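Visitor: Pasting a structure below so you can have a look.
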Amino acid sequence: MSSVTQKNPIRLFVCHVWQEDEDYHRIFEYLESASNFFYRNTSTPDKRPAGDKEVLRDDLRRQITEAEIVLIPAALYRKHLDWAEFQLHCAKAFDKPVVVLEPFGSHDTIAPAVLEMGDEVVPWDQRQLVDAIKRQARHEETTRFDMIEFKLD
């Protein structure tokens, strides 16, 4: 697999129901603040097509097909079960890895159906999120180390 560069960004889809919510925005805040991480968002929650449920499903299929990886905030599943389930099933049908973000700021459990379809579950932590995306989308292992300073007296 090729590494993530500005010319070769990871194409990612964030599950949505044609309305941006706090979790949706938070994901992009985390990704934007990551250094040397390049992505292209294939999700378009701001462009809800006119039409019936099948038109909406086709639009979601198109968005997911263009992506390499699908991200789902666990809370979205609880709020919009049908649409979240549809997007997860699409991701699996198109053989896209799924990264699940734990519920933000709460100790809610993640629905078993989401855990079952997720390839990786991460907390709301920028570094863990970026690493999971790289691992799942491009099979890139990150070898990062934390610097710990010791003060010797």
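The values are calculated or read from the model by the stated rules, or taken from the named source; none is laboratory data. Quantities reported herein were computed from a predicted structural model and do not represent experimental measurements. Because the Cβ atoms are built from the backbone with ideal geometry, glycine has one as well, and the counts that use them run over all protein chains shown. Surface areas here come from the heavy atoms of the whole protein model, side chains and all, with no ligands, DNA or RNA. Shrake-Rupley method; radii C 1.70, N 1.55, O 1.52, S 1.80 Å.
Visitor: Can you tell me which of S33, S43 is among the polar types (S, T, N, Q) and over 15 Å from the mean Cα position of the chain (by Cα)?
Guide: Answer to the selection: S33.
Visitor: Can you name the residue in region 1-11 that is in contact with a helix residue (DSSP H, G or I) (Cβ under 9 Å, 6 or more places away or on another chain) and over 23 Å from R61 (Cα atoms) and is also surrounded by the most Cβ atoms within 10 Å (Cβ to Cβ) among such residues?
Guide: V4
Visitor: Let me ask you something else. Regarding region 41-62, can at least one residue be identified that is of a type in the set (A, V, I, L, M), in contact with a Cys (Cβ under 9 Å, 6 or more places away or on another chain), under 13 Å from C15 (Cβ atoms) and crowded, with 17+ Cβ neighbours inside 10 Å?
Guide: Here is the first cut: in region 41-62, the ones of a type in the set (A, V, I, L, M) are 50, 55-56, 60.
So of that shortlist, the ones also in contact with a Cys (Cβ under 9 Å, 6 or more places away or on another chain) come out as 60.
From the residues that got through so far, the ones that are under 13 Å from C15 (Cβ atoms) too are 60.
From what's left, crowded, with 17+ Cβ neighbours inside 10 Å: 60.
Yes, some residue in region 41-62 is of a type in the set (A, V, I, L, M), in contact with a Cys (Cβ under 9 Å, 6 or more places away or on another chain), under 13 Å from C15 (Cβ atoms) and crowded, with 17+ Cβ neighbours inside 10 Å.
Visitor: Among the basic types (K, R), part of a loop (DSSP other than H, G, I, E, B), touching an Asp or Glu at 6+ places or on another chain (Cβ under 9 Å) and over 23 Å from E140 (Cβ atoms): is that true of K47 in this structure? Talk me through it step by step, then tell me what you get.
Guide: Working: among the basic types (K, R): yes; part of a loop (DSSP other than H, G, I, E, B): yes; touching an Asp or Glu at 6+ places or on another chain (Cβ under 9 Å): yes; over 23 Å from E140 (Cβ atoms): yes.
It is true that K47 is among the basic types (K, R), part of a loop (DSSP other than H, G, I, E, B), touching an Asp or Glu at 6+ places or on another chain (Cβ under 9 Å) and over 23 Å from E140 (Cβ atoms).
Visitor: To continue, here is another question. Checking F86 against (1) part of a helix (DSSP H, G or I); (2) open to solvent by 60 Å² or more (accessible area, probe 1.4 Å), which test does it fail?
Guide: (2)
Visitor: Would you check which residues across region 99-110 are open to solvent by 60 Å² or more (accessible area, probe 1.4 Å) and either in a helix (DSSP H, G or I) or not aromatic (F, W, Y) (or both) and list them? Working first, answer last.
Guide: Here is the first cut: in region 99-110, the ones open to solvent by 60 Å² or more (accessible area, probe 1.4 Å) are 102, 104-105, 107-109.
E102, G105, H107, D108, T109 - these are the residues of region 99-110 that are open to solvent by 60 Å² or more (accessible area, probe 1.4 Å) and either in a helix (DSSP H, G or I) or not aromatic (F, W, Y) (or both).
Visitor: Further question on the same structure: Select, from K96, K134, the only residue that is in a loop (DSSP other than H, G, I, E, B) and under 18 Å from Y39 (Cβ atoms).
Guide: K96
Visitor: Filter region 12-36 down to the residues that are in a loop (DSSP other than H, G, I, E, B), open to solvent by less than 40 Å² (accessible area, probe 1.4 Å) and closer than 21 Å to R61 by Cα and list them by number. Step through it out loud before you land on a result.
Guide: We begin by selecting, within region 12-36, every residue in a loop (DSSP other than H, G, I, E, B); these are 15-21, 33-36.
Subset that is open to solvent by less than 40 Å² (accessible area, probe 1.4 Å): 15-18, 34.
Passing the criteria: C15, H16, V17, W18.
Visitor: Would you confirm whether or not region 137-151 contains a residue that is in a helix (DSSP H, G or I), among the basic types (K, R), open to solvent by 40 Å² or more (accessible area, probe 1.4 Å) and modelled with pLDDT of 85 or more?
Guide: Our first condition is that a residue be in a helix (DSSP H, G or I); within region 137-151, this holds for 137-138.
Keeping just the survivors that are among the basic types (K, R) gives 138.
Restricting the remaining residues to those that are open to solvent by 40 Å² or more (accessible area, probe 1.4 Å) gives none.
No, region 137-151 has no match at all.
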